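Below you'll find the structure, written out as structure tokens, and then a few comments.
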Amino acid sequence: MIESVLVANRGEIARRVIRTAKRLGIRSIAVYSEADADLPFAREADEAVLIGPANPAESYRNTEAILNAAKQTGAQAIHPGYGFLSENADFARMVTEHGLIWIGPGAEAITAMGDKINARNLMAAAGVPVAPGTQDPVASVELALQAASDIGYPIMVKAAAGGGGMGMAVATDEASLEAEYERVRGFAERMFGDGSVLLERYFPRVRHIEVQILGLADGSVVALGERECSVQRRNQKLVEESPSPALTPEQRSALLAAAVRAGEAVNYRNAGTVECLFDPTAGEFFFLEMNTRLQVEHPVTEAVFGIDLVEAQFRVASGLPADVPTVANGHAIEFRVNAEDPKRFLPGPGAITTWVEPLDLPGVRVDSGYREGNKVTPNYDSLMAKLIVFGADRAEAIERAKAAVAAFEIAGPKNNLPFFIELLSNDEFTSGDYDTALVSRMR
């Protein structure tokens, strides 16, 4: 087993990785920015190194500072968490070139899945269903209009190098396609340094369902169930649950098998997620993208499978077998508690004057990055904590969630707990028959 790990991240995910490292007797090293000096993850690690100012480019995305911290502290491995450098193939390669263990898939798999066009074509070749769309970057508006006439409107315009719901727009006719094509291309050039654009059929009523995969040290790939991620704002997830209430056993079996094929196609190792769109009307699913890292919502899989996915990551990276359960039990729901207003979902950072987690309630887990007295700054993502609730079935999980959300007390920064109270009383959500437009219908 790895003996020491530097966690190249911050907040709740850094704290969560450190927790498992401590349980396994692995020495944990945190890196932190000046803005994060007082956060729990920096205090709870066995060692912590200041790597720069608040600006992520000068701290959490600063590869030189992170590698220097690893050398300074004698770290044996680096865990990237999610976001920042977690899907940066160049950084993964640099880590291994410096003689360190990268806790994640190889740089080749990250590269293969990082370009949506290449990923789409690889998946199609592996027999994974893909939505009708372009196989190559669309180089001009004229070519986009021509391709759209073959695919059919509405059209999803996507940045090939995008991720996390960024760089996506819907066009319903030629005029809107011309406008959205230029807008997405410009955004992609600014954000990702790559203006490549692809087109795919847009499904007006669709669900977002993903599969947790784990590439084991022996070369095999296994699937640990699916997660329903259709409660979204601005194409970004707010609530996830497992199992999905949308799938029949036959659909679930086909989806999991396709996800395993996707992992095998790129010789995947460690934890990853195969994201798909599911058309509930036709009962069909299509490959969306593969996230080559641990997901924010991994705790719902942990709850229903009884597994510690971070421990599995450590074991795979160490070349050790991982004990992977094959049967899921019960139902889990995760709520992303963000520092944002519950109506328009705009960021609302500030100093935390009250922070009371509902840990005394049954079936409740909280993965938090903050505590009372900390300050949520505008420098980073607005996620403050994840509230995970488990029940014997979906009905019990929802009832426990109502109690847990109501008992979670936060004052200071704005927060979206009131939205979750509203969601848990929404007939569409509680019925399980909802889609990715649910939040927009509520607003």
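Read-outs: derived from the displayed coordinates by stated rules, not from any lab. Nothing here was measured: the structure is a model prediction, and the numbers come from that model. Because the Cβ atoms are built from the backbone with ideal geometry, glycine has one as well, and the counts that use them run over all protein chains shown.
Values computed for the structure shown
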read-out	value
Sequence ranges 226-235, 390-399, ranked by mean other-Cβ count within 10 angstrom, highest first	226-235, 390-399
Positive-end extreme of charge dipole, the chain - chosen from Thr73, Phe203, Val141 (charges on Cβ)	Thr73
Three-way shape call for the stretch 256-307 based on the alpha-carbon gyration tensor, with the a/c threshold at 1.5	oblate
Amide H contacts of Ala437 (H built 1.01 Å from N, under 5 Å, at least 5 apart or other chain)	Val206
Gain on full stretching of the segment that runs from Arg371 to Glu428 - 0.36 nm per residue minus C-alpha separation	17.2 nm
Difference of contour (0.36 nm per residue) and Cα-Cα distance, Asn55 to Ala217	54.7 nm
Cα-projected label distance for Arg19 with Val324, points at 7 Å along beta-carbon direction, nm	2.4 nm
Gain on full stretching of the segment that runs from Arg344 to Met442 - 0.36 nm per residue minus C-alpha separation	34.2 nm
Global geometry of the stretch 1-72, whether rounded, prolate or oblate, following the gyration tensor of its Cα atoms and the 1.5 cut on a/c	oblate
Gyration tensor verdict on the stretch 242-357 (Cα atoms; rounded if a/c is under 1.5, prolate if a/b is larger than b/c, oblate otherwise)	oblate
Label-to-label distance, nm, for residues given as Ala124 and Arg234 (7 Å Cα→Cβ offset)	3.2 nm
Positive-end residue, the chain charge dipole about Cα centroid, Cβ charges, pick of Tyr370, Val157, Gln232	Tyr370
For the stretch 1-62 versus the stretch 241-298, the gap between their alpha-carbon centres in whole angstrom	30 Å
Between the stretch 79-143 and the stretch 169-189, the Cα center-to-center distance that results, in Å	23 Å
Taking Leu198, Leu50 and counting other C-beta atoms within 10 Å, the order from fewest to most	Leu50, Leu198
Mean residue ellipticity (222 nm) of the chain, computed from DSSP H runs ≥ 4 via -39,500 (n - 2.57), nearest 500	-10000 deg cm²/dmol
FRET efficiency, 1/(1 + (r/R0)^6) with R0 45 Å, evaluated for His98 and Thr354 via beta carbons	0.55
